[in-house]
Amino acid sequence: MMDEDNVLYCPNCLSLKIIGVEGTELCYCGKCGCADIRETDFDSWDSMYQKKYGKKHLTTDRKYIK
């Protein structure tokens, strides 16, 4: 069972778009298709994302559609 403060992520592309297969406990990445899904706290995931892509995933300068 996933901890409330944790996220599921793809270790291949670091996507948080994880899709569960209905009726099973299987999951896969909705971006690259990898089935090796892992779990960690958000800050650790964000640190991995920064190291891989050289930028933060979430920034305060994003524009939102209203």
ask   = What percentages, rounded to whole numbers, describe P(r) for the stretch 6-53 computed over all alpha carbon pairs with 10 Å bin width beginning at zero?
value = 30, 54, 14, 2
task = Please give, to one decimal in nm, the separation of the simple spin-label points placed at Cys13 and Ser44, each 7 Å out from Cα toward the Cβ.
result = 2.3
key: Sorted by Cβ neighbour density within 10 Å, fewest at the top, the residues Tyr53, Tyr28, Tyr9   = Tyr53, Tyr28, Tyr9
remark   = Under the 7 Å Cα-to-Cβ spin-label approximation, Lys51 and Leu26 lie apart by a distance in nanometres of 3.1
query = Which FRET efficiency value, to the nearest 0.05, do you get for Asp36 and Asn6 by plugging their Cβ-Cβ distance into 1/(1 + (r/R0)^6) with R0 = 22 Å?
reply = 0.85
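Values in this text are rule-based calculations from the coordinates and carry no lab data. If you're wondering where the values come from, they're calculated on a predicted model, not measured in any experiment. FYI the Cβ positions are ideal-geometry reconstructions off the backbone, even for glycines, and counts take in every protein chain you see.
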